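Peer 1: Can you keep this structure in mind? I'll have questions shortly.
The values are calculated or read from the model by the stated rules, or taken from the named source; none is laboratory data. Keep in mind it's a predicted model, so treat the numbers as computed, not measured. Every residue, glycine as well, gets a Cβ built from its backbone with ideal geometry; the counts of neighbours run over all protein chains shown.
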Amino acid sequence: MQRDIALLVEMLDHAFVGRGWHGTTLTGALRGLTPKQALAHPGGARHCVWDLVLHTAYWKYVVRCRITGERPAGGFPRSPSNWPSPPEHPTTALWRKDVWLLKEMHAQLRQAVTQLPPSRLDARSPTGQWRFAELIHGVAAHDLYHTGQIQLLKRLAGRR
């Protein structure tokens with residue numbers, strides 16, 4: 001794997017799994033949460049952890065599609081796409097399934113990045129606005145951003 005590609009994959013993984021030098025990773029922030037905790041709302045129409053799990057899974061899917069130029073049959077498995085709704089009748093099995101979806105979208109994105117020729121990193125995505133390298137860097141930053149939100153939501157829920 002070329003150095004630039006390897007660095008981008010490392011960025012994706014440092015934001016998502018294992019120990020991050022910065023602190024908790026996205027999967028670390030989700031560890032041990034129950035469906036009830038994942039659905040706790042801080043107030044009003046603000047997002048809960050479950051919302052953020054589905055939202056980050058969706059954007060991993062979008063970036064992968066832009067990198068590969070392919071849209072899998074059936075599209076993203078939850079709807080509405082950008083902010084899918086948590087299930088009406090949440091269960092531990094459904095929570096685990098959505099966390100698995102997030103992990104699967106990460107694995108598929110990671111695979112797409114490893115297969116991206118380094119010469120394409122400076123190419124524009126199909127939307128033309130961002131280079132592929134910027135999209136990959138951006139999705140890692142997106143994970144970190146929402147990890148911070150999840151950590152805050154967990155702390156706020158613990159004070160109630």
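Peer 1: Give the residues of region 40-56 that are buried (at least 21 other Cβ atoms within 10 Å of the Cβ) and out of contact with any His (no Cβ under 8 Å at 6 or more places or on another chain), sorted by residue number.
Peer 2: Residues satisfying the conditions are 49, 50, 53, 54.
Peer 1: Within region 62-72, can one find any residue that is among the acidic types (Asp, Glu) and touching a Pro at 6+ places or on another chain (Cβ under 7 Å)?
Peer 2: Just the residues of region 62-72 that are among the acidic types (Asp, Glu), to begin with: 70.
From the residues that got through so far, the ones that are touching a Pro at 6+ places or on another chain (Cβ under 7 Å) too are none.
So far as region 62-72 goes, no, none of its residues is among the acidic types (Asp, Glu) and touching a Pro at 6+ places or on another chain (Cβ under 7 Å).
Peer 1: Moving to a separate point now. Quick check on region 60-96: of everything there that is charged (D, E, K, R) and loosely packed, with under 13 Cβ neighbours inside 10 Å, which residue is modelled with the highest pLDDT?
Peer 2: To start, the set of residues in region 60-96 that are charged (D, E, K, R) comprises 60, 64, 66, 70-71, 78, 88, 96.
Okay, now just the ones that are also loosely packed, with under 13 Cβ neighbours inside 10 Å, so 70, 88, 96.
On the way: 70: 89, 88: 89, 96: 97.
Selected residue: 96.
Peer 1: For residues that are hydroxyl-bearing (Ser, Thr, Tyr) and not in a loop (DSSP other than H, G, I, E, B), tally how many sit in region 95-135.
Peer 2: So the answer is 2.
Peer 1: Keeping to region 122-135, report how many residues are at pLDDT below 95, of a type in the set (A, V, I, L, M, F, W, C) and surrounded by 14 or more Cβ atoms within 10 Å (Cβ to Cβ).
Peer 2: 1
Peer 1: For region 41-61, state whether one or more residues are without any contact (Cβ under 8 Å) to a residue 24 or more places away in the chain and touching a Pro at 6+ places or on another chain (Cβ under 9 Å).
Peer 2: no
Peer 1: Any residue in region 117-146 that is under 14 Å from residue 63 (Cβ atoms) sitting within a Cβ distance under 8 Å of a residue that is among the aromatic types (Phe, Trp, Tyr) and part of a loop (DSSP other than H, G, I, E, B)? List the pairs, counting only those 6 or more apart or interchain.
Peer 2: 124/130; 138/130
Peer 1: Now for a separate question. May I ask you to verify whether residue 21 is under 30 Å from residue 122 (Cβ atoms), aromatic (Phe, Trp, Tyr) and modelled with pLDDT under 95?
Peer 2: Here the answer is yes, as residue 21 does meet what is asked.
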